[in-house]
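See below for the structure under consideration.
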DNA sequence: ACTTCAGTTAAGCAGTTACCTAAGTATCGC
DNA sequence: GCGATACTTAGGTAACTGCTTAACTGAAGT
């Protein structure tokens with residue numbers, strides 16, 4: 001239950017599909033039922049459920065079945081985790097450029113960090 | 001040449017593999033040759049080249065062959081594009097929470113934006 | 001010229017993915 | 001209870017992935 005919430009492999013792989021990103025984008029404005037999510041997508045309902053399974057096992061969405069309707073909601077923490085990884089790479093890159101500039105004796109305008 | 005640089009499908013899919021993320025993480029600290037990238041990875045060189053192909057066609061890295069050595073460098077703009085998508089979703093989510101709080105008459109501590 | 005080094009090309013293969021249709025199960029509204 | 005609704009399960013298929021080994025090309029070093 002805990003390990004599911006940090007697997008970047010699954011997270012990025014899940015986001016690598018346009019239908020799944022569309023689902024995420026829809027859940028961002030509020031929870032929705034399976035058929036509400038399926039309605040705009042050009043595929044069968046079982047296919048949508050499969051996509052939801054991928055998103056859920058990546059920890060990006062959680063679902064709860066009430067009567068006969070399964071309600072899906074976004075799990076923003078995992079989204080944030082992915083964003084953090086990208087941010088880390090970007091800052092590492094920027095730090096490197098910074099250091100490069102310093103080593104060349106060129107005081108880059110990015111070195112206003114301290 | 002232009003359309004390659006914005007395909008989120010390919011970008012996220014490329015990042016959905018640990019070996020490929022390892023390559024990105026290594027390129028973040030500076031350009032490297034194919035065999036330098038391959039050295040820590042537990043797989044054959046052709047496999048690494050294939051991963052590089054995926055990263056390149058996602059626009060995440062660019063390569064240039066000089067003598068017999070191909071040098072790979074990170075393309076940070078595409079990384080930033082992916083980060084932006086995640087950021088957009090997160091802010092949409094936060095805006096929604098904000099509005100929800102407002103509609104409940106509860107002045108949330110996030111509404112200090114204006 | 002000969003060898004080694006860096007990478008490339010080709011073929012193949014097991015496992016996964018993204019769909020489908022058809023048939024089921026379990027509410028819910030009347 | 002009876003039909004419609006909201007999924008769920010099962011099974012199948014075509015295409016794609018992530019790897020492998022083997023054989024090749026071409027640049028460098030000696």
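Each reported figure results from applying straightforward, stated rules to the coordinates on display, with no laboratory input. The shown structure was predicted, so the numbers you read here are calculated from the model rather than taken from an experiment. Counting neighbours? That spans all protein chains shown, and the Cβs are built from the backbone with ideal geometry, glycine included.
Tabulated results
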item: Among (1) over 19 Å from residue A:92 (Cβ atoms); (2) in a helix (DSSP H, G or I); (3) within 13 Å of DNA strand C (Cβ to nearest atom), the one test that residue B:63 misses; result: (2)
item: Which listed residue, of B:20, B:80, is surrounded by 17 or more Cβ atoms within 10 Å (Cβ to Cβ) and within 14 Å of chain A (Cβ to nearest Cβ); result: B:20
item: Residues within the stretch B:15-31 that are within 11 Å of the chain's Cα centre (by Cα) and near DNA strand D (Cβ under 8 Å from one of its atoms), tallied; result: 2
item: Extreme residue, nearest to the other protein chains (Cβ to nearest Cβ), among residues of the stretch B:38-56 that are surrounded by 14 or more Cβ atoms within 10 Å (Cβ to Cβ) and more than 8 Å from DNA strand C (Cβ to nearest atom); result: B:54
